[in-house]
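The structure appears right after this line, and notes come after that.
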């Protein structure tokens, strides 16, 4: 016996691939985006300096990021001096301790943009993130120090 | 597929006569894709209307809100949204030839922009026959503020609706 349902005010239709049951996606939630960091960094020639100003390579810039599919790094750079950046990531155990020392390098390159311009970098650039910790480092390779104002948004 | 037209009275009779069938409906497996396709509308939380209104376009670069003050955003609070959609309709009997450009910027916890100016997301020329709809998708999401500007050598009115979508995920 075919299963039928009320397709509109006065029409019964058989359930089929062409006319499936009218259901709502009740078990879905909107994808929230959370601001994880807003920071101003003085970009220097120091190696391994992250957005928080730390040169301690084992310290994460962001922690507890497992729930985020990707991070979006927005920045405004006050100087156009040549700058490189590195995005590092790793996973932690249940106690929050990294599974090992060091990091996976997700991205590295020259920070795009001139003086007084905006930038936007997706982390990772392709695929999904879901890493527990990230470390984002910037290093000036020429010119003078300048300030870099960053905002990082986590997208689930 | 087969369908038949019945009256409400007949429908009630069938439901009363066959309650077991009605109970079985609740456990039928359905395709997720069909569920999404059949959903008649998204919850407002998924898709939000950010702005709608009328813009009097002229030779100046104007925000959709009408101002020519570059520091002012057209829409704010757009952090959660993956992408924006601008749907418009230009009045007038002449072909539509409207220049548009989109800017974006991020703000700190106090709502203050991280820096001066804007990031240029893109620009284009909207060219359609008169009195047609157009649609512009702004795929670079999660900026906090956007400024959408238009100008037209031939003055004209543009009706606009800007919406933003978050997408959704299954639990």
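So which residues in segment A:56-85 are closer than 27 Å to residue A:114 by Cα, away from chain B (no Cβ under 14 Å) and surrounded by fewer than 20 Cβ atoms within 10 Å (Cβ to Cβ), if there are any at all? Answer for segment A:56-85, where residues must be closer than 27 Å to residue A:114 by Cα, away from chain B (no Cβ under 14 Å) and surrounded by fewer than 20 Cβ atoms within 10 Å (Cβ to Cβ): A:81, A:82, A:84. If I ask for residues that are over 15 Å from residue A:91 (Cβ atoms) and not in a loop (DSSP other than H, G, I, E, B), which ones from segment A:124-139 would you list? Those that are over 15 Å from residue A:91 (Cβ atoms) and not in a loop (DSSP other than H, G, I, E, B): A:136, A:137, A:138, A:139. The single residue among A:144, A:150 that is surrounded by 18 or more Cβ atoms within 10 Å (Cβ to Cβ) and either under 25 Å from residue B:78 (Cβ atoms) or more than 11 Å from the chain's Cα centre (by Cα) (or both) turns out to be A:150.
Just one of the listed residues (B:104, B:164, B:120) is under 22 Å from residue A:153 (Cα atoms), without any contact (Cβ under 8 Å) to a residue 24 or more places away in the chain, within 14 Å of chain A (Cβ to nearest Cβ) and part of a strand (DSSP E or B), and it is B:120.
The residues of segment B:55-75 that are surrounded by 13 or more Cβ atoms within 10 Å (Cβ to Cβ) and in a strand (DSSP E or B), listed by number, are B:55, B:57, B:62, B:63, B:75.
Suppose the filter is farther than 19 Å from residue A:37 by Cα, more than 14 Å from chain B (Cβ to nearest Cβ) and either modelled with pLDDT under 95 or part of a loop (DSSP other than H, G, I, E, B) (or both); does residue A:115 pass it?
No.
With the condition kept exactly as written, say whether any residue in segment A:55-75 is without any contact (Cβ under 8 Å) to a residue 40 or more places away in the chain, over 16 Å from the mean Cα position of the chain (by Cα) and in a loop (DSSP other than H, G, I, E, B). Yes; the residues of segment A:55-75 include at least one that is without any contact (Cβ under 8 Å) to a residue 40 or more places away in the chain, over 16 Å from the mean Cα position of the chain (by Cα) and in a loop (DSSP other than H, G, I, E, B). Restricting to segment B:102-127, count the residues that are crowded, with 18+ Cβ neighbours inside 10 Å and farther than 15 Å from residue B:74 by Cα. Qualifying residue count, segment B:102-127: 3. Restricting attention to segment B:76-101, the residues that are surrounded by fewer than 22 Cβ atoms within 10 Å (Cβ to Cβ) and in a strand (DSSP E or B) add up to 8.
Among the conditions (1) within 9 Å of chain A (Cβ to nearest Cβ); (2) free of Cβ contacts under 8 Å to residues at least 24 places away in the same chain, residue B:112 misses just one, which is (1). Here residue A:19 meets each of (1) in a strand (DSSP E or B); (2) facing chain B (nearest Cβ under 8 Å) with one exception, condition (1).
The values are calculated or read from the model by the stated rules, or taken from the named source; none is laboratory data. Nothing here was measured: the structure is a model prediction, and the numbers come from that model. Glycine gets a Cβ as well: all are built from the backbone with ideal geometry, and neighbour counts include every protein chain shown.
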